[in-house]
Amino acid sequence: MSVKSSTCDSSQPLRFWRRGEIVCVSNVTPERTLLELLREDLRACDTKEGCAAGDCGACTVVVADSPDGEHLNYRAINSCIRPAHAIDGLALWTAADLPSPDGTLHPVQQALVDQHATQCGFCTPGFVMSLFSLYQRTVARGRAPTETEIHDALSGNLCRCTGYRAILDAARQLGQTAAPLAVPGGDESTLAHQLRALPARDNAQADYALPTTLNELLQLRANRPEAQLIAGATDAGLWITQGLQRMPSIIDLTRVQALRAVERYPHHLAIGAAVPLQEAFEALAQDRPAITAFAQRFAGWPIRQSGTLAGNVANGSPIGDAMPLLLALDAHLVLMAWRDGRQVHREVPLADFYTGYRQNVMARDEVLAWIKVAHPQRHEWLGLYKIAKRVEDDISAVCLALRIEGEGGQLHTVRIGVGGVAATPARALQTESVMQGQPDEDRIWTQARDTLAGEFSPLSDLRASSHYRRRVLHNLMERARLERRGEPHTRLEALA
């Protein structure tokens, strides 16, 4: 392993900006994590390893790219499950990078000191970086962070001894900072230009490919059908750190500009495969505000900043929360490939995508490029429910999404997506048939409730028993009925 600051002789170097200069690292294997690169190769031991699963936040660092070449887009990510090569072409900060050259602490660090918000100190670097990301998104742009933004920013960090009150107080203190600071290590505009000026990567020969165009991605996929395709690697990273798998060839699609957009059309929304979960949920919530609260229960902030909606769908976990929502929204997937010297594509309803446990209809040379979601109709109602042992940052035992279109007392269109009760996320087709086209009456809801409770044969596992899951489905349908009727929220809590 070799590390240089400005030049690099290797044909496949890893280049990124840190502390005012371009760092160049050679001979990095595809499955090496960013945390390993930082601690073992760069000796940046301020970044800690806690769970090695993206759950505790001790490994949090901040990265930034510059899509427009002028401004930076900051994201707090878990370095323990992020492939090292994913940092190529980005700017990087760890907690040790924030103080001024004279030793003056960054306002984020000073706030934690002022509020006595650290004790053993193991988790503190992660909290520092999550708050630094918040600072750059808010205070550095001239406004104080809101309470929601503060809680979101800290949601991926676990404190074992200090408690969160002092940490929240430190975050609130950031809004009192007199003036925004320059980016630690350099000027934002200069840094953005430095990133844009980095040499192009030779993806044709790279074991870790980072294509930037759709054509390049599809051609690489056609030539390497055995390669692991990743985006945020929030699950693939676990295969490395927990499953100890080797991945000799990886194709990372996060730099494909065409897939980093959310596009609005007259009848639908198209979400690119490289759009982070947070941005995808925010786009969906513009049309359907109920999605906001649902999305906030999807993992923590660093995971939502790293993982993608398309990656969640392609991964196909039966307990993935995004799929029941998308099933209820009648989402369609655009699958693309490179054949006979040109792009080809086909569109598949998400309801027809899965063929078994983590299996789907994609050919070996295909890429899930876009997710299409129709805009809501005038008389649409959406109910979203996640049942887990914890309110935040937990895996679902059962997830239910229910969309109804209807007026004049009729249930014209009914779509029900369910997670955690079968080998794949699924539509509750039997229950839909009970409700579809029927009057919006309690007797229909009662029949649907009983049908849903018996439609699936879920497994028993550590999260819940089969009996519990069926009972929860029964109760959630009753909850949906009451909510659709406008019943007070306090009457519903005992049903879940």
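No lab work stands behind these numbers, since they all come straight from the coordinates. Here the structure is a predicted model, which is why all the values come from computation and not from measurement. We place every Cβ from the backbone using ideal geometry, glycine too, and count neighbours over all the protein chains shown.
Against the main long axis of the alpha-carbon atoms of the chain, helix 442-455 sits at an angle near 60°.
Ellipsoid fit via the Cα gyration tensor, segment 145-266: semi-axes of 36, 23, 16 Å, each the root of five times an eigenvalue, largest first.
Once Lys and Arg get +1 and Asp and Glu get -1 on their Cβ, which of Leu174, Asn215, Pro199 lies farthest toward the positive end of the dipole of segment 161-215? Value: Leu174. About its Cα centre, segment 380-495 has a charge dipole of approximately 340 debye under the convention of +1 per Lys or Arg Cβ and -1 per Asp or Glu Cβ, with nothing else charged. Set against the 2.2 N^0.38 Å expectation for a compact globular protein, segment 43-166 has a Cα radius of gyration ratio of 1.03. In the chain, the ratio of gyration radius to Kirkwood radius, Rg to Rh, stands at 0.98 when only Cα atoms are counted.
Taking the Cβ of Ile395 as the centre, find all other residues whose Cβ is under 10 Å away and add up their charges (Lys, Arg: +1; Asp, Glu: -1). Once positives and negatives cancel, what remains is +1. With all pairs of separate Cα atoms included, segment 87-149 yields a Kirkwood hydrodynamic radius of 12.8 Å. For segment 10-65, a crude dipole built from +1 on the beta carbon of Lys and Arg and -1 on the beta carbon of Asp and Glu, taken about the Cα centre, is about 180 debye to the nearest 20. Distance distribution P(r), segment 380-495, all Cα-Cα pairs, bin width 10 angstrom from 0: 14, 49, 31, 7, 0 percent. Can you compute the helix-only [θ] at 222 nm over the chain? Use -39500 (n - 2.57) per DSSP H run of at least 4 residues, normalise by all residues, nearest 500 deg cm²/dmol. Theoretical 222 nm ellipticity from helices: -8000 deg cm²/dmol.
Shape summary of segment 208-374, radius of gyration then Dmax from alpha carbon positions: 15.2, 46 Å.
For segment 340-393, the list of GluC sites (Glu not before Pro) that fall in a loop by DSSP and count at most 14 other C-beta atoms within 10 angstrom reads Glu392. Around the Cα centre of the chain, unit charges on the Cβ atoms of Lys, Arg, Asp and Glu (plus for the first two, minus for the last two) sum to a dipole of about 560 debye. Once you reduce segment 246-285 and segment 111-165 to the center of their Cα atoms, the two points are 28 Å from each other. Compared with the dominant principal axis of the Cα atoms in the chain, helix 277-287 is inclined by about 50°.
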